[in-house]
1. Quick check: is even one residue across segment 54-70 β-branched (Val, Ile, Thr) and assigned to a helix (DSSP H, G or I)?
2. Can you name the residue in segment 4-24 that is in contact (Cβ under 8 Å) with a residue 60 or more places away in the chain and either surrounded by fewer than 15 Cβ atoms within 10 Å (Cβ to Cβ) or out of contact with any Asp or Glu (no Cβ under 7 Å at 6 or more places or on another chain) (or both) and is also farthest from PHE74 (Cα to Cα) among such residues?
3. Any idea which residue in segment 1-34 is farthest from the chain's Cα centre (by Cα), counting only those that are polar (S, T, N, Q) and farther than 26 Å from GLY61 by Cβ?
4. Please verify whether segment 25-39 includes one or more residues that are surrounded by 13 or more Cβ atoms within 10 Å (Cβ to Cβ), part of a helix (DSSP H, G or I) and either outside the structural domain of THR143 (by TED's automatic domain parsing) or at pLDDT 90 or above (or both).
Amino acid sequence: MKLKNAKDFWSGVLFIAFGLFFAGFARQYDMGTAARMGPAYFPTALGILLIVIGALVGFKGLTVVEKDGQVDKFHFKPLLLVLGGVSAFGLLLRPGGLLVALAAMIIIASLGSGEFKWKEILPLTAGLAVLVMAVFIWGLGLTIPVLPAFMQN
């Protein structure tokens, strides 16, 4: 059988794989009922939903021909930079504070784009810092260190 749209087919396979992982991993927990959900209820429901979506998308890849249906070369650099940015945030949050960790995450993850421009990234970083402060510090009252440890009282 020939794939008519490799992008859709392999996307469907990934959805099914993630769905099987979530549903399988959740089996070690108590399911509960719809009225009294256990810890396995949501991951199992999510896994089943992903499997259904994956089957639909994968079937479309086997039957519907699209003009640009070939899978492009996979680019590891952007993936590693985005994951590195998130990791830097986690590692820098406690010693560096929210502002330093957020700036590091945004700048490192932005390097994964082929369109990195400092004049766009710096205002984005400042705007997101204000938004994150407004939501998590002032709005929700979370006790996250905002400034680096050496600048705290």
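1. Among the residues of segment 54-70, at least one is β-branched (Val, Ile, Thr) and assigned to a helix (DSSP H, G or I), which makes the answer yes.
2. LYS4
3. Within segment 1-34, the subset polar (S, T, N, Q) is 5, 11, 28, 33.
Of the ones still in play, those that are also farther than 26 Å from GLY61 by Cβ are 28, 33.
On the way: GLN28: 24, THR33: 29 Å.
Among residues in segment 1-34 that are polar (S, T, N, Q) and farther than 26 Å from GLY61 by Cβ, the one farthest from the chain's Cα centre (by Cα) is THR33.
4. Checking segment 25-39: at least one residue is surrounded by 13 or more Cβ atoms within 10 Å (Cβ to Cβ), part of a helix (DSSP H, G or I) and either outside the structural domain of THR143 (by TED's automatic domain parsing) or at pLDDT 90 or above (or both).
Quick grid of which residues meet (1) touching a Ser or Thr at 6+ places or on another chain (Cβ under 6 Å); (2) of a type in the set (Val, Ile, Thr):
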residue: ALA103; (1), (2): yes, no
residue: ILE108; (1), (2): no, yes
residue: GLY114; (1), (2): no, no
residue: ALA126; (1), (2): no, no
residue: ALA129; (1), (2): no, no
residue: MET133; (1), (2): no, no
residue: LEU140; (1), (2): no, no
residue: VAL146; (1), (2): no, yes
residue: MET151; (1), (2): no, no
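The values are calculated or read from the model by the stated rules, or taken from the named source; none is laboratory data. Being a predicted model, the structure only gives us computed values, none of them experimental. Every residue, glycine among them, receives a Cβ derived from its backbone with ideal geometry; neighbour counts consider all protein chains shown.
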